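Single-structure report; data block below.
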Amino acid sequence: MEHESEFIERRTYEDMHAAADAELRVRLKLGGYEVGSAFVSVAGVLPPPATVINIACGLGLRKRATRDDVEKVVAHYSGAGVQRYLIQLHPQAQPAALENWLSNAGLEQTRGEVMFERGRQAPPTVSTSLRVREAKPDDADAFGRIVCDAFEFSEAAVPWMARLVGRPGWHTYMSFEGDEPAGTGALFVENDLAYLIFGATAPKYRGRGSQSAILTTRIAAALDLGCWALAVSTVESIPGVQHHSYNNIEKMGFKPKYVRRNFAPPKSRSLTP
């Protein structure tokens with residue numbers, strides 16, 4: 001399958017939107033739109049840092065984008081009142097004029113995002129004093145809260161993220177100190193492909209090995225499910241800047257495959273500091 005990592009990431013976002021019921025879609029101003037070859041994920045009420053959700057991926061990848069496509073993507077976000085969002089360009093996105101069209105739409109290039117991939121090699125062994133297990137229905141609210149706190153989605157999105165626990169295709173994991181939730185991680189699987197998302201740790205438990213342990217658990221689960229390729233993405237590494245997520249991903253045997261350029265409205269345009 002061509003661009004399998006882009007495919008499974010797109011399906012992750014599509015199913016995330018499918019998980020929301022009608023009441024949540026209205027309350028959070030959610031929308032998932034296909035524009036050309038792009039999937040445009042919109043959550044209108046989430047604060048500006050929520051670019052993990054307010055993101056458009058695949059533009060110009062499966063088919064050439066048009067200037068009208070760019071205008072439609074921007075219109076979806078502006079119409080929902082989203083102040084900060086990302087439009088991602090795969091290295092093979094076409095046409096070459098896309099970057100100019102995005103700039104003409106008032107967007108600027110910002111820190112890129114690296115897509116990592118790994119095959120079926122066994123994950124390394126890690127140790128932690130925390131206990132890791134698959135999330136149960138009673139854990140759904142705690143799962144949602146840790147994710148929303150870490151990614152700054154706000155309290156409003158907790159019920160949405162909680163709906164991923166137990167949803168077909170999703171495998172959600174948590175770490176615990178005794179009975180107290182410490183960290184989260186989700187795995188979405190379709191067509192023997194896996195995408196890892198929402199790795200997060202409550203502040204008081206950072207530095208305890210939660211993310212490494214949940215990463216190895218998700219990798220092992222994907223292998224048990226027969227997945228032949230696993231993907232995960234995070235922001236690109238910058239010399240001199242510590243980036244724990246990037247380092248943890250590499251330690252788990254993932255290899256960086258390509259960097260997607262991100263385009264976003266200038267931060268000065270935001271209504272909040």
Would you mention how many residues in region 193-203 are touching a strand residue (DSSP E or B) at 6+ places or on another chain (Cβ under 9 Å) and farther than 19 Å from Ser233 by Cβ?
1
So, in region 23-41, exactly how many residues are surrounded by fewer than 21 Cβ atoms within 10 Å (Cβ to Cβ) and more than 30 Å from Gln92 (Cβ to Cβ)?
6
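Taking the stated definitions as given, is Ser233 at pLDDT 95 or above, part of a strand (DSSP E or B) and more than 19 Å from Phe143 (Cβ to Cβ)?
For Ser233, the condition - at pLDDT 95 or above, part of a strand (DSSP E or B) and more than 19 Å from Phe143 (Cβ to Cβ) - is met.
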It is to be established whether one or more residues within region 145-165 are in contact (Cβ under 8 Å) with a residue 24 or more places away in the chain, part of a helix (DSSP H, G or I), closer than 27 Å to Tyr85 by Cα and of a type in the set (Val, Ile, Thr).
yes
Candidate set: region 114-123, residues that are part of a loop (DSSP other than H, G, I, E, B) and in contact with a helix residue (DSSP H, G or I) (Cβ under 7 Å, 6 or more places away or on another chain); chosen: the one surrounded by the fewest Cβ atoms within 10 Å (Cβ to Cβ)
Arg120
Answer residue from region 105-131, given it is over 27 Å from Leu28 (Cβ atoms) and of a type in the set (S, T, N, Q) and is nearest to the chain's Cα centre (by Cα) among those:
Gln109
Inter-residue pairs, beta-carbon under 8 Å, first over 15 Å from Glu180 (Cα atoms) and at pLDDT 95 or above and in region 120-134, second hydrophobic (A, V, I, L, M, F, W, C) and part of a loop (DSSP other than H, G, I, E, B), 6+ apart
Arg120/Cys227; Arg120/Trp228
Residue that is farthest from the chain's Cα centre (by Cα) [pool: residues in region 73-104 that are over 23 Å from Glu152 (Cβ atoms) and crowded, with 19+ Cβ neighbours inside 10 Å]:
Trp101
What strands (runs of 3 or more DSSP E), lying completely within region 1-104, carry at least 1 residues that are aromatic (Phe, Trp, Tyr) and modelled with pLDDT of 95 or more?
30-35, 38-43
Quick check, is Thr217 over 17 Å from the mean Cα position of the chain (by Cα) and either in contact (Cβ under 8 Å) with a residue 40 or more places away in the chain or crowded, with 20+ Cβ neighbours inside 10 Å (or both)?
yes
Which numbered condition in (1) modelled with pLDDT of 95 or more; (2) charged (D, E, K, R); (3) in a loop (DSSP other than H, G, I, E, B) is the only one that Asp141 fails?
(3)
Does at least one position in region 193-201 carry a residue that is among the aliphatic types (A, V, I, L, M), in a strand (DSSP E or B), buried (at least 19 other Cβ atoms within 10 Å of the Cβ) and touching an Asp or Glu at 6+ places or on another chain (Cβ under 6 Å)?
yes
Can you name the condition, by its number, that Ala220 falls short on among (1) closer than 30 Å to Gln109 by Cα; (2) part of a helix (DSSP H, G or I); (3) of a type in the set (A, V, I, L, M)?
(1)
The number of residues in region 40-66 that are of a type in the set (D, E, K, R) and either more than 24 Å from Glu4 (Cβ to Cβ) or touching a His at 6+ places or on another chain (Cβ under 8 Å) (or both) is 1
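The values are calculated or read from the model by the stated rules, or taken from the named source; none is laboratory data. Source: prediction; values computed, not measured. Positions of Cβ are generated from backbone atoms using ideal geometry, with glycine treated the same way; all protein chains shown enter the neighbour counts.
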